[in-house]
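Data first, discussion second: the structure below is written as structure tokens.
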Amino acid sequence: MSNAGLAQFQQVFIEESLEGLDTMESSLLALDEGGDGELVHTIFRAAHSIKGGAATFGFPEMASFTHEAESLLDEVRGGKRAIDKPIIELMLRSVDCLRGMFDRARAGEPLNDATSDGVRGELAAMMGREAPAQAGPARRAGDQAGAWMIQFKPHAGMLASGNDPLRLIRELAGLGELVVEADLSRLPALARLDPSECHLGWSIELKAPVRREDIAAVFDWVEDECDLSIEPKPTAVVTPAPAPAAAPAPANIADAAAARGTREASAESSSVRVAIDKIDSMINLVGELVITQAMLDTFREEFDPSRLPLLQQGLTQLARHARELQESVMGIRMLPIASVFNRFPRLVRDLSQKLGKQVKLDLHGEQTELDKTVLEKIGDPMVHLVRNAIDHGLEVPEKRRAAGKHEMGTLKLDAFHRGGNIVVEVSDDGAGLNREAIVRKAVERGLIKSGDGLSDEAVGDLIFQPGFSTAEVTTDLSGRGVGMDVVRRNVSDLGGSVVVRSKPAQGSVFTITLPLTLAIIDGLTAAVGEERYIVPLVSIIESVQLKPDALKTVAGGGELFRFRGEYLPVLRLHELFGCEGAKRTIEDGLLIVVEGDGSRVGLFVDGLVGQQQAVVKSLEANYRRVQGVSGATILADGSVALIVDIAGLVRLHGRRKAA
Amino acid sequence: MSENAGSEELQSQYLTVNLAEEEYGIDILAVREIRGWTQVTRIPQSPPYLLGVLNLRGAIVPVLDLRLRFGVAREEYTPTTVTVIVAVDGRNFGIVVDAVSDVLDAADSEVRPVPDMGTTVDTEYLKGLIGVDERMVLLLDVDRLLRLHDRPLEAAA
């Protein structure tokens, strides 16, 4: 039963309910750890709002499911039943089920599935009852008909409650063809007519084989404020030709409105909740900006050199306001990382139970704010790291005792600012990386020749190599290895990096460094021939100018240069991007030493033009992804410059060499 | 609504452009704007007819040269060379043509199928042709042109 009018509210309902489910989950977990009875009320309230919303917004299956959960909670709340492990377990699974239902509701699929039916049965069984009948589309005879006659007579006061009969008729028109006839019999004489009251009634013929509930749903909001009858139209009666004058016009308008509504609903987009003080500060800034602009505008009428200092002051102000406004607009996209952290208590609890380990989860810096896009994409890599830490990092209690450590292992998640970046750390006090096993595996896989002389850092880095992540490795190795290359790729797609530090018997720390925002980056503008490219500042280590003899050519056409005791490959940007008119001899140009995807290379360009903040624009919006390019930006002169993606360039270079 | 109800003839409007001695029509509903030729930023690893991208009020829009797309050499970009911005499936593209000439009204019944002939264009990019007085206007299938232009690129990526 979805119709255009409800669709947008449904979206809000789903978002709010998902938040409610999060609350339920975290409260249940707190209860599990011996939280107080007030938590039961919190859980009950969350369940109750979901139930109420589900019924209102047309998800009867969800409402009946939540009703079962709520009944069980009510028994707990009323003291009829003590809260114990099995109840918490079952409630947690109910939360999972409801999440699944919301996912399916968004996808427009049937809400019930085998799991939800099973859990519903368990809920009922726990309360000592049979599972109730499905609240599915059970139909009474007469609920279905080929056409319907609807008598709709609003009470005089209906308009005052904000309900517009035209909207209802438009919604009906969304169900099928309408013939609407207005009933003017209640219309008073003009002198006595109160325009704020509704004097009209309608008799509506709906020529569509829909269910009674679907029609009733349209009138959900006005049930108490009108006389309504919905009768199946007897099919034996020949439908009279619709009166040409009265009906078609409103029906057509309604059609168009319904069509527009559907389009609006289908253009679904995610939303952000913004604190009102953020908006207020922005409005203030815009106000300031307007004042400054008005002040500068006075120079248009007459310009007197004596007022030059005023002009300079105005421009300085303008620049400051623009920068502040930029910061606060960017701030809208920033959300606390708590929304990602909050999913871990449950994960840690489930995993540690399954593996027979004792884990204490320590969360820090939950209020650290991250760009919404980054936030959405950092969850999966973090789940990987947390799962690995519990699975492979932390030891079972006996081993910990033997090693002289507390039986309860500690897993710490931390988020904080460092420089222009956000750092997220996942650390454990487990066994640490098993250096010998990693080196052995890496030698077997042909990643390295031998482990001699490798720093701990370099060994840690090996686990991020592709090919180091098969199931066989993890079981053999009793170290980490599940999809670490995927973790690194995901993080580097966000413009960040991940490294591991580990000490035997003391644990490991995975450090993810992320840019504050994806929307604006600091970059250096590099010239290559006639073209300009932006190199992100975060990936630049330094730039060097080489002497002709500093370049070593290796068999196969590759070039290397020596940089702080390491030999790094040279990537010539003009070759990779096919630029014309670029400098070719190494001593004429500049090598920018950059790091991407964990490997360092020298990027050969003609020279550096300057530094600038680049507003990142997507190439994909109108075109497609281009390898080696992460986006584009607009330069001060209005032309477009591409932003190079170092990790992509490295991959591109590797492929060119292999080809 | 009411105008359509009575007449069965559906009218369409086409923007006609000149390209290598021929005249092509682009469905005017797809046309977003017409702008003079400006320098574009080249995109690496793209086919030669994809000239690059330009800044359309803050959006990055790819530009392709219809001459090069159809395998006709481009001598030079002159003051009359124009970029027609078209929107297909919510995506914007710039198409570089020699010049814009006219807006043409034509009933859908006037559109004739394209015979196999020796034009410079592969007939698969055309959805029909219209005879106007002595002239002949070839109707471009913009959707198809840009879709076909997309596919080999995706494969190469």
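Remarks
- Net length gained if the chain between residue A:275 and residue A:30 were fully extended (0.36 nm per residue, minus Cα distance): 85.5 nm
- Sorted largest first, extent of the stretch A:520-658 alpha carbons per principal axis (Å): 41, 29, 27
- Summarising the amide proton neighbourhood of residue A:507: residues at separation of 5 or more, or on other chains, whose placed amide H is nearer than 5 Å comprise A:430, A:432.
- Descending semi-axes in whole angstrom, ellipsoid equivalent of the stretch A:4-126, from the Cα gyration tensor: 25, 15, 12
- The three principal axes of the Cα atoms in the stretch A:43-89 give end-to-end lengths of 33, 18, 13 Å, sorted in falling order.
- Point-charge dipole on Cβ atoms (K/R +1, D/E -1) for the protein assembly as shown, about Cα centre, debye to 20: 2820
- Spatial separation of Cα centroids for the stretch A:19-45 and the stretch A:521-575, in angstrom: 56
- Among the GluC sites (Glu not before Pro) in the stretch A:301-351, those placed in a DSSP loop whose Cβ has at most 15 other Cβ atoms within 10 Å are A:302.
- Principal axes of the stretch A:276-332: Cα extent on each, largest first, Å: 42, 15, 11
- Rounded Å value of the spacing that divides the Cα centres of the stretch A:189-208 and the stretch A:273-305: 50
- Selection of trypsin sites (Lys or Arg not before Pro), the stretch A:542-611, meeting DSSP coil and at most 13 other Cβ within 10 Å: A:564, A:584
- Residue A:651 versus residue A:220: modelled label distance in nm, points set 7 Å from Cα along the beta carbon direction: 4.5
- Sparse-neighbourhood loop sites, trypsin sites (Lys or Arg not before Pro) in the stretch B:12-98 - DSSP loop, at most 11 other Cβ within 10 angstrom: B:57
- Rounded D (µm²/s) - the stretch A:259-383, Kirkwood Rh over Cα pairs, Stokes-Einstein at 10 °C, 1.306 mPa s: 82
- Segment residue A:408..residue A:160, full-extension length gain: 83.0 nm, with 0.36 nm per residue of separation and the alpha-carbon distance subtracted.
- Here the simple spin-label model places points 7 Å from the Cα toward Cβ, and for residue A:444 and residue A:501 these points are separated by 3.0 nm.
- Virtual paramagnetic centre 7 Å along Cα→Cβ of residue A:618, amide N under 18 Å, in the stretch A:502-528: A:517-521
- Per residue of peptide B:51-58, the mean number of Cβ atoms on other chains within 10 Å of the residue Cβ is 4.
- Summed residue charge, Cβ within 12 Å of residue B:24's Cβ, Lys/Arg positive, Asp/Glu negative: -3
- Difference of contour (0.36 nm per residue) and Cα-Cα distance, residue A:38 to residue A:455: 144.8 nm
- Computed from backbone phi with θ = phi - 60° and the Karplus coefficients 6.51, -1.76 and 1.60, the 3J(HN,Hα) list for the stretch A:441-451 is 5, 5, 5, 4, 7, x, 6, 9, 7, 7, x Hz; x is used for glycine and proline.
- Nonlocal amide H pairs with residue A:396, under 5 Å, H built at 1.01 Å: none
- Pairs of alpha carbons in chain A separated by more than 39 Å make up 55% of all such pairs.
- Computed from backbone phi with θ = phi - 60° and the Karplus coefficients 6.51, -1.76 and 1.60, the 3J(HN,Hα) list for the stretch A:645-657 is 10, 4, 4, x, 4, 4, 5, 4, 4, x, 6, 4, 5 Hz; x is used for glycine and proline.
- Near-label residues of the stretch A:582-610 by backbone N, under 15 Å of a point 7 Å along Cα→Cβ of residue A:541: A:591-604
- Our coupling estimate for the stretch A:486-500, obtained by passing each phi through the Karplus curve with A = 6.51, B = -1.76, C = 1.60 and θ = phi - 60°, is 5, 4, 5, 5, 4, 5, 6, 4, 8, x, x, 9, 9, 9, 10 Hz, Gly and Pro reported as x.
- Note on residue B:35 and residue A:562: the model spin-label points, each 7 Å out from Cα along the C-beta direction, lie 5.1 nm apart.
- Estimated translational diffusion coefficient (Stokes-Einstein, Kirkwood radius over Cα pairs, 4 °C, 1.567 mPa s) of the stretch B:1-104: 87 µm² per second.
- Average projection, convex hull of the Cα set of the stretch A:336-515: 10.2 square nanometres.
- Each of A:623, B:77 has some number of other Cβ atoms within 10 Å of its Cβ, and from fewest to most they run B:77, A:623.
- When shorter helices are ignored and each DSSP H run of at least 4 residues is given -39500 (n - 2.57), the per-residue value for chain A at 222 nm works out to -13500 deg cm²/dmol.
- Ordered from longest to shortest, the equivalent ellipsoid semi-axes for the stretch A:585-641 are 24, 17, 11 Å, each the square root of 5 times a Cα gyration tensor eigenvalue.
- For residue B:99, residues with placed amide H under 5 Å, excluding near neighbours: B:18, B:82
- Equivalent ellipsoid dimensions for the stretch B:56-145 as semi-axes, Å, which come from the Cα gyration tensor, largest first: 24, 16, 14
Where a number appears in this text, it was derived from the coordinates with a stated rule and is not lab data. None of these values were measured; they are calculated from a predicted model. As a convention, Cβ positions derive from the backbone with ideal geometry for all residues, glycine included, and neighbour counts pool all protein chains shown.
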